[in-house]
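Asks: Dropping a structure here in structure tokens format, bear with me for questions.
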Amino acid sequence: MDRAAEMEIFVHAVEEGSFSAAARTMRLSPSAVSKYISRLEDRLGARLLMRTTRQLSLTEEGRAFYERARTILTEIEEAEEVVTQLYAAPRGTLRINASIAFTKYQVVPLIPEFLNQYPDVRIELTLDDKFVDLVNDGYDLAIRLSELEDSSLIARKYAVNRRMIVASPDYLEKHGIPRTPQDLVHHNCLYLSSRESFNDWHFDTPEGHVSFRAQGTFSANDGDVLHEAVVAGLGMARLAEYLVHEDIRAGRLTPVLTEFVHDRAWISAVYPHKRHLSPKVRAFVDFLADKFTPVPPWELGLKDARSVRKTVPPISETGILTTGDNG
């Protein structure tokens with residue numbers, strides 16, 4: 001009998017409290033169970049169990065072996081379950097927490113296609129830019145656009161969320177094009193009232209890294225409103241590339257200071273640390289990977305997409321992020 005089988009018989013004997021109970025579970029005779037455990041003890045050179053007519057008790061060596069054997073058997077069960085789940089059809093309710101703007105513009109339009117592929121899956125989507133506890137709040141996964149502080153989470157990285165400073169051609173014609181970050185003090189910089197940190201614009205210059213606090217005549221607590229205000233020519237704002245890419249292609253907005261802007265974070269699907277994913281989570285994570293990698297759709301066709309991508313490290317498919325949240 002192999003070592004895994006010996007471990008399994010031993011663990012059953014400990015957990016069920018007798019050789020006869022373990023024998024019934026394993027479909028063996030009590031004498032066979034006793035023989036296998038004796039053989040295990042002989043091989044290890046240590047007494048694992050103290051036997052009486054009424055009960056079994058673990059020795060110190062037996063306790064240490066039991067704890068490790070239990071872990072190994074659990075890992076074997078999980079490994080087998082992974083293979084089984086690869087062939088299981090995704091089904092059930094998939095609870096997703098996701099950042100508002102990105103999900104609204106880039107994920108929601110894809111959901112009908114996903115549900116057509118997996119008709120036994122039901123999606124519950126919550127849009128929220130605040131921190132959430134995936135486990136305690138009962139979410140299967142989250143879609144996040146910033147670094148993660150919780151190292152117990154696993155992230156499937158899809159693309160880089162680049163923010164750029166944009167303005168309408170009419171605004172730039174009236175007020176001029178800023179050539180350096182210092183020129184922004186002469187411009188109407190629109191800002192987000194709900195997140196102070198969002199209003200620190202970061203730049204890499206020949207003199208080093210500099211930050212600029214956006215100030216202007218208009219603020220809003222919603223990125224979509226800032227977007228509309230910029231398109232209307234009210235001022236300039238720092239907005240995500242996925243939000244403004246169509247306006248840039250159509251000539252409604254123009255990026256400025258592109259050679260200085262230093263502002264990006266990963267776009268990732270994030271889920272609690274597990275040795276394997278349920279079929280419904282795996283299906284959704286892989287579905288988004290197919291849509292957003294190797295080049296996300298909002299980068300396609302932008303004139304400077306190639307040069308921008310050169311400045312960003314390659315995207316790995318999986319990994320543990322160690323630093324932020326939804327963003």
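Asks: Using the Cα centre as the reference, give the magnitude of the dipole from point charges on the C-beta atoms of the chain (Lys, Arg: +1; Asp, Glu: -1; all else neutral), rounded to the nearest 20 debye.
Replies: Rounded to the nearest 20 debye, it is 740 debye.
Asks: Considering only DSSP beta bridges with both partners in the chain, what is the antiparallel share in %, to the nearest 5?
Replies: Looking only at bridges with both residues in the chain, the antiparallel portion is about 70 percent.
Asks: Less than 19 Å apart at the alpha-carbon level, and either on another chain or at least 8 residues along: which aspartates and glutamates does that give for residue 130?
Replies: Once the sequence-local aspartates and glutamates are set aside, what remains near residue 130 is 140, 147, 149, 150, 196, 200, 222, 224, 325.
Asks: Hey, another quick one. Projecting each Cα onto the charge dipole of the chain (Lys/Arg +1, Asp/Glu -1 at the beta carbon, about the Cα centre), which of 49, 199, 257 comes out farthest on the positive side?
Replies: Result: 49, furthest along the dipole toward the positive end.
Asks: Still on this structure, please answer the following. Most fluctuating residue of 178, 169, 206 in a GNM of the chain with Cα springs under 10 Å: which is it?
Replies: For the chain, modelled as a Gaussian network with Cα springs under 10 Å, the answer is 206.
Asks: Still on this structure: Top mean-square fluctuation among 234, 40, 184, Gaussian network model of the chain, C-alpha springs under 10 Å?
Replies: Checking each option, the largest mean-square fluctuation is seen for 40.
Asks: Still on this structure, I have one more. Run lengths n ≥ 4 of DSSP H only: what is the helix-derived mean residue ellipticity at 222 nm for the chain, with -39500 (n - 2.57) per run over all residues, to the nearest 500?
Replies: After summing the helix terms and dividing by residue count, I get -11000 deg cm²/dmol.
Asks: List the aspartates and glutamates whose Cα lies under 14 Å from the Cα of residue 291, skipping any in the same chain that are fewer than 8 positions away.
Replies: The reachable aspartates and glutamates, counting only those whose Cα sits under 14 Å from residue 291, are 113, 299, 317.
Asks: Charges at C-beta only: +1 for Lys and Arg, -1 for Asp and Glu. How large is the resulting dipole of the stretch 25-124 about its Cα centre, in Debye rounded to 20?
Replies: So the dipole magnitude of the stretch 25-124 works out to roughly 460 debye.
Asks: Given [x] 39, 22, 17; [y] 33, 26, 18; [z] 59, 20, 16 as candidate values of semi-axes √(5λ) of the Cα gyration tensor in Å, which corresponds to the one derived from the coordinates?
Replies: Correct label, based on the coordinates given: [z].
Asks: So, one more: Who wins for biggest fluctuation among 212, 292, 65 in a Gaussian network model of the chain, springs between alpha carbons below 10 Å?
Replies: Top of the fluctuation ranking is 65.
No lab work stands behind these numbers, since they all come straight from the coordinates. Fair warning: this is a prediction, and the values are worked out from it, not measured in the lab. In this analysis, Cβ positions are derived from the backbone assuming ideal geometry, glycine residues included, and neighbour counts consider all displayed protein chains.
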